[in-house]
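Have a look at the structure below before the remarks.
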Amino acid sequence: MSTTKPKFNPAEDQHLATFFLHRDEQGCFLDIDTHLYHSSQHGFYMLEKKLQFWGGRCWENVSEADQFSDSSAPRRILTCPCRPLTAAQVIRLVIEENVPEEEGARDMALKALQNAGLGVALPGHD
């Protein structure tokens, strides 16, 4: 296994999908876009674009409601961390975000993954 961190390049890699995965305590979406990419050299990876502001003690994620508010923060940053994913993690991500919950469809799909030995957790989720 390589000990060097892969250098992902979203400008050259294939963009597969965009997900909006993150919500605050009130259920409002945070301003975090999650992009799924595939690199022929490094495989699948997730890029998350996060808008954050300095809350006085730490950096906090900005919700969509606060995104354009002048009072939300004098200092803002955009971070774009990348994380590698396995093929099984990609399948789980797509199921969790696209298969409906009605009549247990999502649970059945996730259970099928688990029964196949692919019940993997997503990085930064669960």
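Here the stretch 42-59 is the region considered, the condition is being modelled with pLDDT of 80 or more and either farther than 16 Å from THR86 by Cα or assigned to a loop (DSSP other than H, G, I, E, B) (or both), and the residue that is farthest from the chain's Cα centre (by Cα) is HIS42. Going by the structure shown, is ASP107 in a strand (DSSP E or B), over 15 Å from PHE8 (Cβ atoms), at pLDDT 75 or above and not small (Gly, Ala, Ser)? Judged against the criteria, ASP107 is not a match. Taking the criterion of being aliphatic (A, V, I, L, M), modelled with pLDDT of 65 or more and closer than 22 Å to TRP59 by Cβ, the only residue of the stretch 1-41 that qualifies is ILE32. All told, ARG75 meets the bar of being modelled with pLDDT under 70 and charged (D, E, K, R).
The values are calculated or read from the model by the stated rules, or taken from the named source; none is laboratory data. The shown structure was predicted, so the numbers you read here are calculated from the model rather than taken from an experiment. When we count neighbours, we look across all protein chains shown, and the Cβ atoms used for this are built from the backbone with ideal geometry, even at glycine.
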